[in-house]
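Shown next, in structure tokens, is the structure this report addresses.
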Amino acid sequence: MSFDFSLLLVVLTGVSGLIWLIDYFILEPRRKVHNKRTNEARKLKQSFIVEQAKSFFPIFLIVLVLRSFIFEPFRIPSGSMMPTLLIGDFILVNKYDYGLRLPVTHNKFIENNLPQRGDVVVFRYPDNPKIPYIKRIIGLPGDKITYYNKTLYINDIIAEQSTGGSYPAFGAGLTMLGSLLVSEDLGTIRHEILIDPDRDSFEFVTIVPDSHYFVLGDNRDNSKDSRYWGFVPEENLVGRAFMIWMNWDSKSKSVVNYKRIGKKIK
């Protein structure tokens, strides 16, 4: 069972805020009236629960606003987006780029930019919305997507590829040793992908429905993506991944790869 941190944060903010309001409008005035009429020994003091609620409410509120509407951190647990994202990367996701949504219900209340081809996005997995996934948008609504002989075609136009040699795998990604590092041109962006020459090509043709997106992992032969489970509905989008703020790979010699800290995600 997935843990819903957003729901917990909303509950903590709501409960602590309600306690603060009750104390401010009801309990505190009563304490003041009582304390004016009694001696020092019998004066009423603020309860421990109220004191803690008033202390934590602004913290919960700030975290809720930042996480729900501005930036949200995620950790990369798998190699499906190698070489762009490595196992152990900690990333930041822009929550307002595609419009603002309410926490928990995810209803959009402010429109903003539309997703672009080539964006690396975090979304709620369509088969289980409690699980966050990260992939690259390849197909926009109405696009014809073809994948043949490990080559991508968008609206019958080939995404040109150029091979950069063998991928220098290391650490937790050592299983990708022997894969080919390939540069792929999506028209609006050029990015790197991994191709495993020892695995068969997954071939298909599809049309992206309205209000849906077709996504692929950059580690093309080691990614469960739209080829297997279908399209991503627009309402499942969480935000655009834009920066790596930390890397922690316990299987590498250095553990922390300082060169990846602050790296932009393209």
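FYI, it's all coordinate maths here, none of it is from the lab. Model, not experiment: these values are computed from the prediction. Note: ideal-geometry Cβ built from the backbone for every residue, glycine included; neighbour counts use all protein chains shown.
Can LYS108 be described as charged (D, E, K, R), under 29 Å from ASP210 (Cβ atoms) and under 14 Å from the mean Cα position of the chain (by Cα)?
Details: charged (D, E, K, R): yes; under 29 Å from ASP210 (Cβ atoms): yes; under 14 Å from the mean Cα position of the chain (by Cα): no.
Considered against the rule, which asks whether it is charged (D, E, K, R), under 29 Å from ASP210 (Cβ atoms) and under 14 Å from the mean Cα position of the chain (by Cα), LYS108 comes out as no.
Which ones in segment 33-62 are among the basic types (Lys, Arg) and surrounded by 12 or more Cβ atoms within 10 Å (Cβ to Cβ)? Once the filter is applied, which keeps residues that are among the basic types (Lys, Arg) and surrounded by 12 or more Cβ atoms within 10 Å (Cβ to Cβ), segment 33-62 yields LYS43, LYS54. One residue is enough: does segment 162-184 have a residue meeting the conditions within 24 Å of the chain's Cα centre (by Cα), surrounded by 14 or more Cβ atoms within 10 Å (Cβ to Cβ) and closer than 23 Å to PHE204 by Cα? Checked segment 162-184: at least one residue is within 24 Å of the chain's Cα centre (by Cα), surrounded by 14 or more Cβ atoms within 10 Å (Cβ to Cβ) and closer than 23 Å to PHE204 by Cα. What are the residues in segment 192-216 that are within 21 Å of VAL232 (Cα to Cα) and not aliphatic (A, V, I, L, M), if any? Within segment 192-216, PHE202, GLU203, PHE204, THR206, PRO209, ASP210, SER211, HIS212, TYR213, PHE214 qualify. Inside segment 1-49, residues that are small (Gly, Ala, Ser), under 30 Å from PRO129 (Cα atoms) and either in contact with a Gly (Cβ under 9 Å, 6 or more places away or on another chain) or in a loop (DSSP other than H, G, I, E, B) (or both) make up a count of 1. Just one of the listed residues (PHE57, PHE48) is under 24 Å from PHE69 (Cα atoms) and of a type in the set (Phe, Trp, Tyr), namely PHE57. Over 30 Å from VAL104 (Cα atoms) and in contact (Cβ under 8 Å) with a residue 24 or more places away in the chain, is that true of ASP210? The answer is no for ASP210. Pairs needed: first member in segment 64-77, within 30 Å of SER250 (Cα to Cα); second member anywhere, acidic (Asp, Glu); C-beta distance under 6 Å; at least 6 residues apart or different chains. Pairs that qualify, where the first residue is within 30 Å of SER250 (Cα to Cα) and the partner is acidic (Asp, Glu), are ILE76/ASP89.
Quick grid of which residues meet (1) of a type outside the set (Ser, Thr, Tyr); (2) in contact with a Leu (Cβ under 9 Å, 6 or more places away or on another chain); (3) farther than 19 Å from LEU140 by Cα:
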position	(1), (2), (3)
SER223	no, yes, yes
SER226	no, yes, no
GLY230	yes, no, no
PHE242	yes, yes, yes
ASP249	yes, yes, yes
LYS253	yes, no, yes
ASN257	yes, yes, yes
ARG260	yes, yes, yes
LYS263	yes, no, yes
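Just need a number here: residues in segment 212-228 that are loosely packed, with under 14 Cβ neighbours inside 10 Å and within 19 Å of the chain's Cα centre (by Cα). So the answer is 1.
Looking across VAL10, VAL15, VAL65, one residue alone is touching a helix residue (DSSP H, G or I) at 6+ places or on another chain (Cβ under 7 Å), β-branched (Val, Ile, Thr) and surrounded by 12 or more Cβ atoms within 10 Å (Cβ to Cβ). It is VAL10.
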